[in-house]
1. What's the number of the only condition in (1) more than 46 Å from the chain's Cα centre (by Cα); (2) part of a loop (DSSP other than H, G, I, E, B) that P326 fails to meet?
2. Of all residues in the range 437-447, how many are within 12 Å of I472 (Cβ to Cβ) and out of contact with any Gly (no Cβ under 8 Å at 6 or more places or on another chain)?
3. Are any of the residues in the range 124-140 open to solvent by 10 Å² or more (accessible area, probe 1.4 Å), farther than 25 Å from G246 by Cα, part of a helix (DSSP H, G or I) and out of contact with any Gly (no Cβ under 6 Å at 6 or more places or on another chain)?
4. Being in contact (Cβ under 8 Å) with a residue 60 or more places away in the chain, hydroxyl-bearing (S, T, Y) and either within 16 Å of ligand 2 (Cβ to nearest atom) or not assigned by TED's automatic domain parsing to the domain that holds S547 (or both) narrows it down to one of T400, T369, T301, so name that one.
5. I'd like the full set of residues that are within 15 Å of ligand 1 (Cβ to nearest atom), free of Cβ contacts under 8 Å to residues at least 40 places away in the same chain and in a loop (DSSP other than H, G, I, E, B), limited to the range 450-479.
6. Can you find, within the range 385-397, the residue that is farthest from ligand 1 (Cβ to nearest atom) among those that are open to solvent by 20 Å² or more (accessible area, probe 1.4 Å) and free of Cβ contacts under 8 Å to residues at least 60 places away in the same chain?
7. Any idea which residue in the range 399-426 is surrounded by the most Cβ atoms within 10 Å (Cβ to Cβ), counting only those that are of a type in the set (S, T, Y) and within 15 Å of ligand 1 (Cβ to nearest atom)?
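The values are calculated or read from the model by the stated rules, or taken from the named source; none is laboratory data. Since the structure is predicted, the reported quantities are computational estimates derived from the model, not experimental observations. Because the Cβ atoms are built from the backbone with ideal geometry, glycine has one as well, and the counts that use them run over all protein chains shown. In case anyone asks, the SASA skips ligands and DNA or RNA and just uses the protein heavy atoms, side chains included. Shrake-Rupley method; radii C 1.70, N 1.55, O 1.52, S 1.80 Å.
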Amino acid sequence: MAQLFTKDTQAIFWNNNASAIQRMLDYDYTIKRKTPSVAGIVAPTSSNKFEKFFWGPDEVMVPLYKNTAEAKAHQPQADVLLNFASLRTAYDVTMEALEIGGFKSIMITAEGIPERLARRMNQAARDKNVIVIGPATVGGIVPGAFKIANVGGTIENIVNSKLHRAGSCGLVTRSGGLFNELSNIIAINADGIAEGVAIGGDRFVGSVFIDNLLRMQDNPEVKYMILLGEVGGTEEYKVIDAVKSGRITKPIIAWCIGTIAKYYDSGVQFGHAGASANAASETAEAKNKAMADAGIYVPATFNDLPTKIAEVYGKLKADGVIKNIPEPDMNIVPKVRRKKEFICTISDDRGDEATYAGFPISSVALPSTGKGIGDVISLLWFKKQYPKWATDFIETVIKTVADHGPAVSGAHNAKVTARAGKSVVESLVTGLLTIGPRFGGAIDGAAEHFKYADDNKLSPAEFLNHMKKLGIPIPGIGHRIKSLKNPDLRVKGLMDYAKECFPATPLLDYARTVEALTTSKKENLILNVDGTIGILMVDMWRALGYSEQEINEFIASGTLNAFFIAGRTIGFIGHVLDEKRLDMPMYRHPMDDILYDVQMADEI
Ligand code: ACO
Ligand code: LMR
């Protein structure tokens, strides 16, 4: 892999570190990326499904996941893991990600991971060919393509340091703070950087100087490299070997920080865990000298580094190795932004023609499109284009439950209300408000309990026992007038359709075994229309490839009862219009139909 990141690279961000993620998205917007560089966030303790971030003047939703496996399953294209877990968790998060696979690089920000674990983790990554940046780092950047978290600081700093577009330097430092400082120095004295990595300050970091410099050697965008090492460790000697062997041919400018250490009597531990010399060869002085001897450009002091950069850059420019870089157009992140109060993910009325889940209304509404109500429901309720067998099933359900005569609870209430002089909408909602666990609203309950029983492999007898313990009648079983002798032909119609057109009906097959038991006890305890719809919807969603979690969420949010509500609305309106047409007077229930059993109230 010659280039660390591209303009299409996407990351999974482990931990909802909102300010760092916002900085990434502000960068994306500035450099005109098409997609946000963060595809998903792992937020184990959050119960939210997404987090909103600004995207220029607008906002975008970035999905939240409970764990890395879930995030990777939903965002397989995201091949960078930005591990912002604490030092207690970072090791486990990295090891799990390596196990899951599919990550090209993992950046670890935590400082102070126990060295024994850091070594094991770095080796595991190396074995799997995964680049680890860190631990104890701010990360890295490929300007104009992808930036990790807080690298480069604010968007103003980034543009000032020319980190908004690719330059020609490959920069490797240990320190994150000095990475930013050097980016600025390079912007002033040269044309910015093509790729930069702060490898991290801990003693044992994943990718070391040589790993990054070898990649940069192979990256044609990089014309020369800058290495900012520090006292401690021997990694710089590997770079020296690569230069001597001819593996690295591009010019390197290098400096090891910590030359001051010689003025102290005893060994000095600098800020980073790795910044302490354990042998003469690990001192900054020794390393600077060895690098200079190998032909690496080493300035006389750190203060001379900018001049050295200008000198090497000037020569490469004069030699025609480095060309002028055209300044790209940038988006400007607005200073004042307002968060939106509402979100809509199903329809959009901003264009010439409103859309249902992206489809102009005319493309689903006109008869010539061949689309029906099932298609409209699949777009507006589920944001998907269902296949014909599924949209036909939805339509069959809507048509089947549209009405069941004037005597049923909801229709009766709607009629009584209409006769009290109320409007269509008032009478309609009276009927709709009658829909509940006993009447028309047992669909979600049926799906939930039958699915539970089937998922847990309960025999019909065990299921009945389980429901008895819960103390509720089995939703979807039983009917006031329909029975084995007087079968509900709506149920038969739905079952026949499913048997013929569904790829499989495992939950229905299970429900029929339960029905066999309940009807053996009492012949009206049939699988009723609510039960049949609920169970077949689960079979339909499973066949459409929904996960169990998604189906459970549909059930929990009342989606299945909505089919009855949508269908029966047609019938209730019919009854209300019928009343209006007939101009029926106010209804009063016959008193002889009421058992009056009123006692004198006790005094207390
Ligand atoms: N599960 C287990 N036992 C039941 C069920 C059930 N779903 N329904 C009735 N029973 C039992 C009762 O416990 C009772 O037993 P018992 O005689 O030993 O005391 C007996 O059957 C009769 O009970 P009722 O409530 O009088 O039954 P009824 O036939 O009057 O009720 C009803 C019909 C309300 C639909 C009922 O079966 C029920 O609550 N079912 C579950 C809810 C449901 O599915 N509703 C949707 C119906 S379809 C529609 O509205 C479009
Ligand atoms: C209906 O569809 O309304 C019926 O199944 C309920 C009933 O009481 O007939």
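1. Against the list (1) more than 46 Å from the chain's Cα centre (by Cα); (2) part of a loop (DSSP other than H, G, I, E, B), P326 comes up short only on (1).
2. 1
3. yes
4. Details: T369 fails: in contact (Cβ under 8 Å) with a residue 60 or more places away in the chain; T301 fails: in contact (Cβ under 8 Å) with a residue 60 or more places away in the chain.
Checking each option against the conditions leaves just T400.
5. Within the range 450-479, L458, G471, I472, P473 qualify.
6. Q385
7. Filtering first and then ranking leaves T400.
Rundown of residues vs (1) more than 12 Å from ligand 1 (Cβ to nearest atom); (2) at pLDDT 95 or above; (3) assigned by TED's automatic domain parsing to the domain that holds F439; (4) under 19 Å from A453 (Cα atoms), yes/no style:
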| position | (1), (2), (3), (4) |
| --- | --- |
| S483 | no, yes, yes, no |
| L508 | yes, yes, yes, yes |
| N524 | no, yes, yes, no |
| L527 | no, yes, yes, yes |
